[in-house]
Amino acid sequence: MNQAAQDLTSPSGAVTCEKCRRGTMAAARVERFSTSAALFGYLLLAIGAVPVLGAIACGIMTATSTLGQIADSKDVAPAAAGAIIAGGIGAVFAFVMFMGGLLPLVAGIVLVQRKSVWRCSACGYIYDRT
Ligand SMILES: [Zn+2]
């Protein structure tokens, strides 16, 4: 007689907790890792977002000013070359800043991920809802 273990579904359709058999499993979303890991993740997001957003702004400004300078100096080759070099330096700087911010940003995104779970209303037992 092992029917209780086999049949975890109550007549109402709610799934009974397989651990305590008192509570019912409710859909919930929890941090993939832990609360402190998620907090650290938000910190990393803030640290990473600044240089990444700065790099994007810097890249746009560099591109606009470079194109503007090239347009202004269409008859003067050395000036156009200078604008391209300056633009290139700006682009490299923006790229390095972007990559520097990307690592904490990606790590932060991973840490703050939440997962869908079933959580017991009585004992708090959690299992993945996949
Ligand atoms: Zn339970």
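Derivation of every value follows stated rules applied to the coordinates shown; laboratory data play no part. Nothing here was measured: the structure is a model prediction, and the numbers come from that model. Positions of Cβ are generated from backbone atoms using ideal geometry, with glycine treated the same way; all protein chains shown enter the neighbour counts.
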Consider just the alpha-carbon atoms of the chain and return their Rg together with their Dmax, both in angstrom.
27.3, 93
For the chain, what is the charge dipole size about the Cα centre, in debye to the nearest 20, if Lys and Arg each add +1 at the Cβ and Asp and Glu each add -1 at the Cβ?
680 debye
Computed, not fitted: 222 nm per-residue ellipticity of the chain from DSSP H runs ≥ 4 (each -39500 (n - 2.57)), nearest 500, equal to -21000 deg cm²/dmol
Residue-count net charge about Ile126 - beta-carbon cut-off 14 Å; Lys, Arg +1, Asp, Glu -1:
+4
Which of Ile56, Ala79, Thr16 sits closest to the plus end of the dipole of the chain, meaning its Cα is farthest towards the positive end, when Lys and Arg get +1 and Asp and Glu get -1 on the C-beta?
Thr16
Name the residue farthest towards the positive end of the dipole of segment 46-130 from the options Pro104, Tyr125, Ala91, assuming +1 on Cβ of Lys and Arg, -1 on Cβ of Asp and Glu, about the Cα centre.
Tyr125
Cysteines of the chain lacking any other cysteine beta carbon under 4.7 Å?
Cys58
Whose amide H sits under 5 Å from the amide H of Cys123, counting only residues 5 or more places off or on another chain, with H placed in the peptide plane?
Gly23
Output ³J(HN,Hα) for segment 46-62: one whole-Hz value per residue in order, computed from phi by the Karplus curve 6.51 cos²θ - 1.76 cosθ + 1.60 with θ = phi - 60°, and x for Gly and Pro.
5, 5, x, 5, 4, x, 5, 5, x, 5, 5, 4, 4, x, 5, 5, 4
Ignoring chymotrypsin sites (Phe, Trp or Tyr not before Pro) that are buried or in helix or strand per DSSP, and keeping those with at most 16 other beta carbon atoms within 10 Å, what is the longest stretch of the chain between them?
34-124
For Ser34 and Val50, compute 0.36 nm times the residue count separating them, minus their Cα-Cα distance, and round to one decimal in nm.
3.3 nm
